[in-house]
Structure formats: structure tokens, C-alpha cells
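Here's the structure we're looking at; comments come further down.
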Amino acid sequence: MESYTGKSIFQKVAVGRIFYYEKNENLVKRNRIEETEGEIKRFEAAKLVALGQLDRIYQKALKEVGEDNAAVFEVHKMMMEDEDYLESIHSMVREQKVNAEYAVAMTGDNFAKMFSQMDDEYMKARAADVKDISERLVSVLLGNGTDMGALKEPVILVADDLAPSETVQLDKSKILAFVTRYGSSNSHTAILARTMNIPAVIGVDISKEWNGKMAAVDGYTGTVYIEPDFDCMERMKNRIAEDEKKRQLMQELKGKETVTKAGRKIHLYANIGNVADTVSALQNDAEGIGLFRSEFLYLEAKDFPSEEEQFQAYKTVAESMGGKKVIIRTLDIGADKQVDYFNLDKEDNPAMGYRAIRICLSQPEIFRAQLRAILRASSFGNISIMFPMIISVKEVREAKRILEEVKEELKEKEVPYQDVETGIMIETPAAVFESGELAKEVDFFSIGTNDLTQYTLAIDRQNPKLDHIYDPHHPAVLKAIKMVVDNAHEHGAWVGICGELGADLTLTKTFVEMGLDELSVSPSFVLPVRNEICNL
Ligand code: PEP
Ligand code: MG
């Protein structure tokens, strides 16, 4: 047995087989090929493998996200069999005597360029699809084709790092734990592990040799055991049994009010990233959804999700929560949450760059489609809207102006919607200092302590080297929270926390004393936080 340590980001234990995930670098070189017919046969075989992958992904998407959302993979299959596309690859191999990878990559680039120059918006959007299918084919040809959708049994996922766009593609029911070499405890992948309620250890000296081996991940100590011995397995089993006992005890808090002994009621909500997370919010008896990270709908998709797709997602969540509050945060894309089809430029400082509300206000057509979808869904439950990354009153007024225009538009078309509460996230020092003015503009604040810590301490939340000094307990962060609470209350707004700090049980008492009205936490933390509050 060998053991390796790292930093734990979720306290739980898992035992299982390792799946080593390697990123596809897909470095394509141009090689001269004499036997061109053999090369074409090699390409045709790769095409069959890729079509099989697409078929599996389509079937999975059909079950999980419905026919409309799955349709894109049918489109990919059709594109992969398109005569012009195939003819271009074949003739490049035959006439230029080049390897299949090179012919596919060149054809993909040429077709993508051609599509992106078209006037028709639908055709323009196909550029990302043709790039996607070409990359899939190149991966198969290079033997890099890690088909994450095809995991057969639950595994411990070991990887150098995982981007949010990769994590969202995983079949959650097949992941027992994450172990990564890089990553930070405040990254969105870490947040996702907490939402998924699975152990995760980062900063581990991982090895490709581990692939297929049995392992145990101890999220309490941040230790990964490779080929654990009998004693280790016994310890792990005991830990799992203890966790189960604790979980059972917590179940007794279900249906209870979240109220201190002195009678102070705190609204205890859950954070979710997609429709499926609503199930665990309900299972853990969340009193509402305090943060629906709507950008994950965009990260899961291959192209801009349509208004209709978004409407269905928001409506399902609103209906499932049965009249409980559902706060939908408008698109917070950018920084570490990147999607190809947005075609965002590479930036030196993406965390301080073109992201979130800044994108929405400068590309109002994207923003309007989302607002229309949210407002339409508001007729099916108790929805509120929240704008992220706000730095000024001007931004809030502009966002509200667009919201009013969208309401007018719906009214004219006689599309029903309900009155929605509007709020903003307090994630920047500017919003903290302006909180008195900002509170006059909105119904509520939700403090995003993940970003607020990053911007207050000037520490990139993604940088693993700075993880040890990224300290949300820093007095500056706590003073900022207090200032926001006081300013909100003075001007009639209610205020909560939806950053990860909201689930920090060592601070629950402090938050109640500060006067916070709401805490929104990963679903698995709802009952532990209720337990803490009820015992205050
Ligand atoms: C935050 O910044 O605290 C927050 C809740 O938003 P996110 O983690 O998605 O940036
Ligand atoms: Mg944030």
C-alpha cells in the first residue's frame, strides 16, 4: 500500500477503482503518407468509433436533459457524415498525401471559418459544432479518445486538473471521488464536489500508473491510499459507517424550522448548478434555492441554450420547489467558467476581466433571452432574479432597465409572468462600500464570499500556490460582511450569504449575531447548518 497526501476539500471517504483522466492535447502534425488508401481506411474506422461515442452521449443526454437538449449530438452525427466535409478530408489525404489527423484538422478549421462568416445566425453557430466533431475525430485518430460519457462503473477520478466545463460533462452517478494534482479549494470544481457530496483531495502527486488500481480516498485527512491493505480498508469502512450514522442523526432535523433558541429565524437555502441538484436540495430539506448558478446550463451546452431550453430548466426547478423561493443568478460566465461558443478573447486577468454582468450588459441579446426565460418561468413558482459581479449603482439600474423592457415586451405579447424580487451579489469591495446606495435599488443582497475574499485580499481564488493564504476568515472580509448587513438593513433590503463561507459552522454564530437573514449552502450542508443554528 502507498499513501499520498493533499488538501481535502470535502470531508467524506470513498473506496473504489481509479480512472485516470488525461486531457486530450490533440497536437496535430503534418506527415507525408504514401499509402493514401490505407490512410482513408484508417480515417473511416475512426469515424465509426466517433459516431459510436456520439450515439452514447446522445442516449445519455436524452435521458438526463431531454430531447431538445440532446438534439445537438444528433446534429453532430449528421455533420460527421456530411458529404462535403468527408469529400474535403478524402481529397486532402489523396491529393496532398497527408495524414488523416492533419486533413481532419484543416477541414475542420476551413469549415468553421466558412460558417462563422455566414450572415445567417444559425449557420454561424455551426462553426463551434464543426470544430467539435473535428476535434473528436482527431482524438480518436491520435488514440486520445477518453470518452468520459462511457464510464461503466463508479470510479475515483484522478486528473491533473478539471475545468468546470469538463466537470459538468461527467456522469455524476459514476464518480466516487476526485483526486487532482492542481486546483484550489475555492475553484468551481471544488464547489461542484461539495454539491455532489463526494470526497475530493487536491494537490496530490498523482501518477498515470494508478489507472485501474483500487484506492481509498480519505477526505478527513486528505490522504489517498493506493491498493489499500486490510487495516486501511477496515478503518475506511468504520469511517463510512460513522458518516452514515451522523447522516441518519441529521435526518431528524428534516421538517424542523431553522430558528435559534432565542427565536431568531434564519432562512436556510441551498446552492444548485442544474436542475438535477434540486433533488438533493429537497432531500436535504432546503427551504429554498438561494443560488442557482445558471451559467452551468451554458457550460453543459455545446451552443447558446435557447430561451425555451432555459425556460424549461427554470420552470422545472420552480415547480419542484413547490412555491419555495428560487433565486436565479443571471449568467456569470467568464474567468474560470469558459465556453467555446462565446468566443471570449484570452485575457491576462480573466477574474478581473470581461465576465458576468459585464458580458450581459454589453451583449444584451444574450441577457434578454435569459431574462425572458426567467420571467416566463416565474408563473410556475416563487422566482427571484439576482445579478452577479456588481460594482456600481449604474450597472444595477441598467440591468433593471433591461428587465423592465423585457417585462413590457412580455406584457404586450400577453405572456404571463409574476412580480419577481430583484437582488444583487455582493462580491466586490466596490459593492461593499456602495452597499448603502445599492440597497436602495434592490430587494436583497447575497454576499458571494468566494469572490469577495478573492477581490478583498487580492488573491486569485484559482491559484493553488496561494490557497494557504486565501482566508475568508480574514478580518477585512468579516468587517465587509458586517458593513453590508448594516447598510442593507438600514435601507430595507434583506441580506444573505451564498459563498462557501455560509456553510462554515465555526462562523454560524457570528453570522447570526451580525444579523444575516439568510444562508445558502451546498445541499449536503443544509442540515448541519440547521443543527448549529437550532443549538445557538
Ligand atoms: C461567490 O463568489 O461567492 C459565489 C457564490 O459565486 P461563484 O462561486 O459562482 O463565483
Ligand atoms: Mg462569484
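Exactly one condition in (1) surrounded by fewer than 22 Cβ atoms within 10 Å (Cβ to Cβ); (2) assigned to a helix (DSSP H, G or I); (3) within 16 Å of ligand 1 (Cβ to nearest atom); (4) not basic (Lys, Arg) is false for TYR354; which is it? Answer for TYR354: the failing condition is (2).
Residue-wise test of (1) surrounded by fewer than 17 Cβ atoms within 10 Å (Cβ to Cβ); (2) away from ligand 1 (no atom under 16 Å from the Cβ).
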| residue | (1), (2) |
| --- | --- |
| ILE272 | no, no |
| GLN310 | no, yes |
| VAL326 | no, no |
| ASP336 | no, no |
| LYS346 | yes, yes |
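With a requirement of 3 or more residues that are among the aliphatic types (A, V, I, L, M) and closer than 30 Å to LEU505 by Cβ, the strands (runs of 3 or more DSSP E) lying completely within the stretch 1-113 that satisfy it span 13-21. Checking each residue in the stretch 243-256 for being farther than 23 Å from VAL155 by Cβ, assigned to a helix (DSSP H, G or I) and touching a residue at least 12 places away in the same chain (Cβ under 8 Å) picks out MET250, GLN251. Whether any residue in the stretch 464-480 is closer than 30 Å to LYS315 by Cβ, surrounded by fewer than 21 Cβ atoms within 10 Å (Cβ to Cβ) and at pLDDT 95 or above is what I want to check. Within the stretch 464-480 (the criterion being closer than 30 Å to LYS315 by Cβ, surrounded by fewer than 21 Cβ atoms within 10 Å (Cβ to Cβ) and at pLDDT 95 or above), the answer is no, since none of the residues qualifies.
Taking the stretch 443-465 as the search range and keeping residues that are free of Cβ contacts under 8 Å to residues at least 12 places away in the same chain and away from ligand 1 (no atom under 14 Å from the Cβ), which one is farthest from SER184 (Cα to Cα)? Among those residues, the one meeting the criterion is ALA458. Would a scan of the stretch 396-406 turn up a residue that is within 16 Å of ligand 1 (Cβ to nearest atom) and in contact with a helix residue (DSSP H, G or I) (Cβ under 8 Å, 6 or more places away or on another chain)? No, the conditions are met nowhere in the stretch 396-406. Restricted to the stretch 382-416, and to residues there that are polar (S, T, N, Q) and touching a Gly at 6+ places or on another chain (Cβ under 8 Å), the residue that is farthest from LEU361 (Cα to Cα) is ASN382. The one condition from (1) β-branched (Val, Ile, Thr); (2) crowded, with 18+ Cβ neighbours inside 10 Å; (3) touching a residue at least 60 places away in the same chain (Cβ under 8 Å) that THR5 does not meet is (2).
Quick check on SER435: is it touching a His at 6+ places or on another chain (Cβ under 9 Å), hydroxyl-bearing (Ser, Thr, Tyr) and surrounded by 17 or more Cβ atoms within 10 Å (Cβ to Cβ)? Yes; evaluated as a whole, the condition is true for this residue. The test for being within 16 Å of ligand 1 (Cβ to nearest atom) and either of a type in the set (Asp, Glu) or touching a residue at least 12 places away in the same chain (Cβ under 8 Å) (or both) holds for ALA503. The residue of the stretch 481-512 that is surrounded by the fewest Cβ atoms within 10 Å (Cβ to Cβ), among those that are closer than 26 Å to LYS324 by Cβ and among the acidic types (Asp, Glu), is ASP504. Only one entry in ALA103, ALA125 is under 14 Å from ASN343 (Cβ atoms), surrounded by 15 or more Cβ atoms within 10 Å (Cβ to Cβ) and in contact (Cβ under 8 Å) with a residue 12 or more places away in the chain, namely ALA125.
Any chance the stretch 391-406 includes a residue that's within 14 Å of ligand 2 (Cβ to nearest atom) and within 24 Å of LEU501 (Cβ to Cβ)? Scanning the stretch 391-406, I find at least one residue that is within 14 Å of ligand 2 (Cβ to nearest atom) and within 24 Å of LEU501 (Cβ to Cβ), so the answer is yes. Would a scan of the stretch 73-82 turn up a residue that is among the basic types (Lys, Arg), without any contact (Cβ under 8 Å) to a residue 12 or more places away in the chain and out of contact with any strand residue (DSSP E or B) (no Cβ under 8 Å at 6 or more places or on another chain)? Taking every residue of the stretch 73-82 in turn, none turns out to be among the basic types (Lys, Arg), without any contact (Cβ under 8 Å) to a residue 12 or more places away in the chain and out of contact with any strand residue (DSSP E or B) (no Cβ under 8 Å at 6 or more places or on another chain). Restricting the stretch 372-389 to residues that are over 20 Å from the mean Cα position of the chain (by Cα) and among the hydrophobic types (A, V, I, L, M, F, W, C), the residue that is nearest to ligand 2 (Cβ to nearest atom) is ILE383. Tallying residues that are farther than 14 Å from SER88 by Cα and within 35 Å of the chain's Cα centre (by Cα) within the stretch 32-47 yields 3. Using the structure shown, decide if PRO429 is within 16 Å of ligand 1 (Cβ to nearest atom) and closer than 30 Å to ASP129 by Cβ. Considered against the rule, which asks whether it is within 16 Å of ligand 1 (Cβ to nearest atom) and closer than 30 Å to ASP129 by Cβ, PRO429 comes out as no.
The values are calculated or read from the model by the stated rules, or taken from the named source; none is laboratory data. Every value quoted in this text rests on a predicted model; they were computed, and no experiment measured them. All Cβ positions, glycine included, derive from the backbone under ideal geometry; neighbour counts span all protein chains shown.
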